[in-house]
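Undergrad: Below is a structure I'd like to ask you about.
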Amino acid sequence: MEPKIVSLKDVTFSYKGSKRQALRGVSLDVKEGECVAILGPTGAGKSTLACVINGTVPRFIEGKLTGDVVVDGQIPNNVGTAQMASRVGLVFGDPDTQLFGMTVEEDVAFGPANLGFDYETIMERITRAIEDMRLQGLEQRAPHRLSGGQKQATAIAGVYAMLPKIMVLDEPTSMLDPEGKARVFSIIRDLNKSFGMTIILIEQEVDDILELADRVFVMKSGEFVLGGTPEEVFAAVDELKEVGIRVPSIVEFGNLIGADKTPFSVEEAVSTVKSGAWNKAIVGDAPIEDRAAPGLSVGSESTQDTAPILEAVDLEFRYPLGVKALDGASLEVYPGEFVAIVGQNGAGKTTLTRHFNGLLRPSAGDIRLFGKSVLNEPTASLCATVGYVFQNPDEQLFCDTVEDELRFGPMNIGMDKDRMEESVRDILLDIGLDKYRQVWPRYLTKGERQRLALASVVAMEPEILIVDEPTTGLDWLESLQILDYLERLRKEKGKTILIITHDMNIVSLYAKRVVVMANGRVVGEGTPREVFSQPKLMELAYLRRPQIADLSDTLWGEVLLTPHEAADRLKRSSSTNREVAGK
């Protein structure tokens with residue numbers, strides 16, 4: 001039996017100045033060479049647990065820790081984080097907290113250099129980490145000039161280059177494109193299976209965890225509520241939904257059709273359907289209700305008789321050091337659309353959209369609003385029409401209270417005071433932050449700060465709302481709350497919505513049109529179904545479609561977007577077969 005490399009017994013922790021217990025009697029044993037995944041909603045205690053394992057809590061992040069913690073034979077609180085670094089590599093969820101080198105190469109070199117390796121070994125590890133994380137060509141780029149996904153890849157590369165015995169990754173793929181996520185998971189699998197590295201993975205990507213983890217634990221309110229093999233945990237569909245975890249689409253499909261044995265991969269689901277190992281009686285005449293897809297689009301809404309509300313015409317843009325981020329990008333956006341802009345990290349998505357309200361100015365090309373060029377319009381006037389929500393909410397929250405955050409924008413565009421107060425009151429109620437009116441924004445959770453940042457822009461009543469990565473670092477329920485709110489703004493108030501996202505499940509559920517970018521240009525567009533049906537386009541943009549699309553394509557030669565659609569398709573084909581057999 002493999003020895004325990006991590007052992008926690010009855011661990012409880014409260015942050016300094018807080019009466020709430022972030023961890024409540026947590027016990028966990030991890031065997032050497034094991035891959036353990038930890039799931040849970042925001043605020044469940046997952047990141048706190050990660051910091052306890054490497055000694056950051058309570059050595060640097062102060063608070064009261066009780067219980068026993070032993071990691072690789074050491075007590076982290078006794079030996080200190082510096083001594084634990086060679087044993088436990090920790091990748092934080094926010095890459096900005098651990099990037100401080102002048103260049104990408106310097107940042108990746110920092111860990112191996114401080115472990116005392118010779119020059120040749122350090123360079124070998126830097127080269128390997130940069131290649132594996134797809135950072136070639138960015139070696140001399142300053143980290144603060146990287147995209148969010150490139151920052152995250154750099155943070156992972158810096159820890160990966162140290163090759164610690166234990167690697168703790170706190171949502172390492174939240175900012176990565178789908179192909180980048182697949183690459184990280186492939187590296188994790190290789191480190192775990194080929195090198196015997198112990199992996200503790202905190203993630204929201206449940207589809208990948210199914211194939212990667214040896215064991216899965218689910219946290220809620222500082223304690224474990226579920227635990228076991230991936231098959232045992234993900235088969236508990238009702239319990240997962242109650243906690244707020246997204247059920248893997250293949251598992252959800254199996255649950256909807258009453259599969260004799262829960263499928264955990266596309267291959268298993270195909271076998272289940274073809275062998276007839278599912279409950280025919282569960283499929284009646286009525287469609288299977290899709291409660292998880294409030295914004296599901298079955299086709300693009302017609303825009304043929306409408307003039308574009310926003311246009312980018314042959315945009316080019318170079319950053320100060322000469323990096324060409326846009327290379328002739330063109331895009332038309334129509335009133336009332338819900339558009340998802342997708343593509344690999346560094347494709348130019350954020351750069352493009354920051355031109356729409358003057359945050360950036362093009363090197364060449366034109367930006368038109370309601371058919372009129374706005375190249376010379378100041379950002380202060382454009383933001384009343386085009387609202388922009390940053391990927392990191394902390395970049396745009398600076399007032400003393402939640403209420404003041406919502407007032408700031410309307411006051412600066414000269415909104416009538418009575419109208420402003422009414423808007424602030426309604427939005428706070430709408431977005432679920434009314435009880436925090438007088439709270440300092442920094443006291444809110446990441447999901448609440450994300451909602452506040454969105455609300456602060458909505459309060460200015462822009463006609464166009466651009467939201468950059470609205471679900472980064474959020475759990476599934478928080479993600480749906482944000483997207484449901486955006487969809488309500490579109491439907492009820494006629495807003496035009498643009499989101500930048502790497503989450504293809506969100507794209508499937510909400511986008512009416514998908515714009516695909518690669519190498520600083522728009523290279524394709526269409527409904528989610530149309531885009532997911534073009535493998536060459538997906539490959540060019542480093543995208544991966546949801547597993548349910550792979551399943552439906554394999555079974556029926558058509559792309560479906562949700563487990564409910566696939567279950568209904570099976571129902572129709574089953575009914576047709578019965579009718580044919582009856583004749």
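Since every read-out is calculated from the coordinates, none of them should be taken as a lab result. Bear in mind the structure is a predicted one, so any value in this text is a computation, not a measurement. Ideal geometry is used to build each Cβ from the backbone, glycine not excepted, and the neighbour counts take in all protein chains shown.
Undergrad: List, in order, the whole-Hz ³J(HN,Hα) value for each residue of segment 459-464 obtained from phi through the Karplus relation with A = 6.51, B = -1.76, C = 1.60 and θ = phi - 60°; use x for Gly and Pro.
TA: 4, 7, 6, x, 7, 10
Undergrad: How charged is the neighbourhood of Gly371? Take every other residue with its Cβ under 13 Å from the Cβ of Gly371, and add Lys/Arg as +1 and Asp/Glu as -1. If you can, show how the numbers build up before the last one.
TA: Details: positive: Arg368, Lys372; negative: Glu311, Glu332, Asp366.
Here the count lands on -1.
Undergrad: Under 8 Å for C-alpha pairs, at least 6 residues apart: give me the relative contact order for the chain, rounded to a whole percent.
TA: On the way: 1140 pairs, mean separation 83.4, N = 583.
Worked out over the chain, it gives 14 percent.
Undergrad: Between Phe60 and Asp118, what is the label-to-label distance in nm when each label sits 7 Å out along the Cα-to-Cβ direction?
TA: Spacing of the two 7 Å Cα→Cβ label points: 3.1 nm.
Undergrad: Residue by residue, what Karplus-based ³J(HN,Hα) values in Hz, rounded to whole numbers, does segment 227-233 have, using 6.51, -1.76 and 1.60 with θ = phi - 60° and x for Gly and Pro?
TA: Values per residue, Gly and Pro as x: x, x, 5, x, 5, 5, 6 Hz.
Undergrad: Mind grabbing the base-10 log of I(q)/I(0) for segment 4-244 at q = 0.11, 0.15, 0.16 Å⁻¹? Debye formula, identical points on the C-alpha positions, no solvent, two decimal places.
TA: Log-scaled intensity ratios, in q order: -0.55, -1.04, -1.18.
Undergrad: Using only the alpha carbon atoms of the chain, find the Kirkwood hydrodynamic radius as the inverse mean reciprocal pair distance, in angstroms to one decimal.
TA: Details: mean 1/r = 0.0395 Å⁻¹.
Result for the chain, one decimal place: 25.3 Å.
Undergrad: Along its principal axes, what span do the Cα atoms of segment 328-458 show, with the longest given first and each in whole Å?
TA: 46, 35, 25
Undergrad: Moving on to the next point. Identify the residues of segment 360-380 with backbone N under 14 Å of a label point that sits 7 angstrom from the Cα of Ser330 along the Cα-to-Cβ direction, or state none.
TA: 365-368, by backbone N distance to the label point.
Undergrad: Quick query: amide H of Ile341 versus all other amide H atoms, modeled in the peptide plane; which residues come in under 5 Å with a sequence gap of 5 or more or a different chain?
TA: Excluding prolines and chain starts, which carry no amide H, the hits are Ile499, Ile500, Thr501, Val515.
Undergrad: What is the gain in length, in nm to one decimal, between Ala281 and Asp238 on full extension, counting 0.36 nm per residue of separation less the C-alpha to C-alpha distance? Before the final figure, lay out each step's value.
TA: Values: separation 43, 0.36 × 43 = 15.48 nm, distance 2.09 nm.
Additional length available on full extension: 13.4 nm.
Undergrad: Hey, which lysines would be in cross-link range of Lys64, C-alpha to C-alpha under 22 Å, not counting anything within fewer than 8 residues on its own chain?
TA: Within the straight-line limit of under 22 Å, Lys64 reaches these lysines: Lys9, Lys16, Lys19, Lys46, Lys220.
Undergrad: For Thr379 and Lys493 in one chain, what is 0.36 nm times their gap in residues minus the Cα-Cα distance, to one decimal in nm?
TA: On the way: separation 114, 0.36 × 114 = 41.04 nm, distance 2.35 nm.
Result: 38.7 nm gained on full extension.
Undergrad: Give the order of Arg59, Arg545 when sorted by the count of other beta carbons within 10 angstrom, beginning with the fewest. Don't jump to the answer; show the numbers that get you there.
TA: Values: Arg59 18, Arg545 23.
Result, fewest neighbours first: Arg59, Arg545.
Undergrad: Between Tyr443 and Asp29, what FRET efficiency follows from the Cβ-Cβ distance if R0 is 35 Å, with the result rounded to 0.05? Don't skip to the end; give the middle numbers.
TA: Values: r = 34 Å, r/R0 = 0.98.
Between Tyr443 and Asp29 the formula returns 0.55.
Undergrad: So which GluC sites (Glu not before Pro) in segment 88-149 pass both tests, a DSSP loop state and at most 15 other Cβ atoms within 10 Å of the Cβ? Could the numbers behind the result be given before it?
TA: Details: sites: Glu105, Glu106, Glu120, Glu124, Glu131, Glu139; in loops: Glu139.
Sparse-neighbourhood loop GluC sites (Glu not before Pro): Glu139.
Undergrad: With both partners inside the chain, how many of the DSSP beta bridges are antiparallel, as a percent to the nearest 5?
TA: Details: 40 of 75 bridges.
Looking only at bridges with both residues in the chain, the antiparallel portion is about 55 percent.
Undergrad: Continuing with this model, one more query. Share of antiparallel DSSP beta bridges in segment 310-547, in percent to the nearest 5? Please list the in-between numbers first.
TA: Working: 19 of 37 bridges.
Close to 50 percent.
Undergrad: OK, next. Can you pull the one-decimal nm distance between simple spin-label points at Asn412 and Phe398, each 7 Å off the Cα toward Cβ?
TA: If labels sit at Asn412 and Phe398, their model points lie 0.7 nm apart.
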